[in-house]
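Here the structure is laid out as C-alpha cells; the discussion comes afterwards.
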Amino acid sequence: MDAILNVWKPIGWTSFDVVNKIKGFVRPAKVGHAGTLDPFAEGVLVICIGKMTKKVESLMDHEKEYIATIQLGSETDTLDTEGKVIKVAKITPLSIEKIIDILNTFLGESNQIPPMYSALKVNGKRLYKLAREGKVIERQPRKITISEIELLESNKDSLKIRVKCGRGTYIRVLASDIANTMNTVGFLKSLVRTQVGEFKQEDSMSVKNVVEWLSATA
C-alpha cells in the first residue's frame, strides 16, 4: 500500500504509537509520520505509507497551525503539563491591547532555543535523555518563522492563542517566551494541531476509523 493519511492523534498517544498501530495492518510496507506531536497534545498527524514515506521530509516543511493554551504564573521543567513546577511568579494584569501587542512581537523570523526536553540530538544523545539525568547543556538557537499569531481568549491566569508557524517551532518554548515578555512565567497547558499544509482538522480520521479502513482494504 502507498498512501498519505490525515490522522487525528489523540491525547495520551505518542506519534510513534499511531505509526505502530498502522504498521500492524500494512506490513511489510514502511510507515512514517511528518512531524511529531507530544503525548499531551492532539491533532493532525500526517502518516505516510509505502512509497509515500519518501515525501516525509517535504511534508515536514509545510506550515502548521496550532491552538495553544498558556498557563500563566508557573513554569514546569518540561514547559508543558508533563513536568514538575520549578518556578512561580506574580501575574501582572494587562489590557487586551497590550497582550496583542506582545503577541505581535513574535511575528516573522526569530531565533528560538530548543528546550532540553526535546528529541534533538547533541553529540549523538537525545536532549530529553540528558534532561532526565539532570543535565542542562548549551543549545544553539534555531531560526523559526511565525506567520500568524492571534489571541483567542484571555483569562486571569491563562491565554488561548492560534499560531501558524514554520518547521522547527517549539510551541512550548513560544508559550514560555510569551509569558516572560508579559513579565511572568508560563507553560503550555494544552495544544491542538489543527493543520499541516493542506491537511486540516475537519478532514482528519480518528485512529479507530483508520484501522477500520485498513482492515476493510486488507
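Net charge of the neighbourhood of Leu130, taken over other residues with C-beta under 15 Å away and scored Lys/Arg +1, Asp/Glu -1, is +4. Taken about its Cα centre, the chain carries a charge dipole of roughly 900 debye when the Cβ of each Lys and Arg holds +1 and the Cβ of each Asp and Glu holds -1. The calculated FRET efficiency for Leu107 paired with Thr217, based on their beta-carbon distance and R0 = 41 Å, is about 0.40.
Within the chain, antiparallel bridges make up roughly 90 percent of the DSSP beta bridges whose residues both belong there. Translational diffusion coefficient, Stokes-Einstein: compute it for the range 85-182 using the Kirkwood radius over C-alpha pairs as Rh, at 20 °C and 1.002 mPa s, and state it as an integer in µm² s⁻¹. D, rounded to a whole number, is 143 µm²/s.
The mean accessible area for residues of the chain, using a 1.4 Å probe and ignoring ligands and nucleic acids, is 52 Å² per residue. Note on the chain: with neighbouring protein chains present and a 1.4 Å probe, carbon and sulfur make up 50 percent of its accessible heavy-atom surface.
Each peptide in 180-192, 103-115 receives the mean, over its residues, of other Cβ atoms within 10 Å, and ordering these scores from highest gives 180-192, 103-115. Per the Debye calculation on the range 5-142 with a single equal scatterer at every Cα and no solvent contribution, log₁₀ I(q)/I(0) for q = 0.09, 0.18 Å⁻¹ amounts to -0.39, -1.30. For the residues Glu65, Glu97, Glu148, a GNM of the chain with alpha-carbon springs under 10 Å puts the largest fluctuation on Glu97.
The values are calculated or read from the model by the stated rules, or taken from the named source; none is laboratory data. Everything quoted here is computed from the prediction, not taken from an experiment. FYI the Cβ positions are ideal-geometry reconstructions off the backbone, even for glycines, and counts take in every protein chain you see. Surface areas here come from the heavy atoms of the whole protein model, side chains and all, with no ligands, DNA or RNA. Shrake-Rupley method; radii C 1.70, N 1.55, O 1.52, S 1.80 Å.
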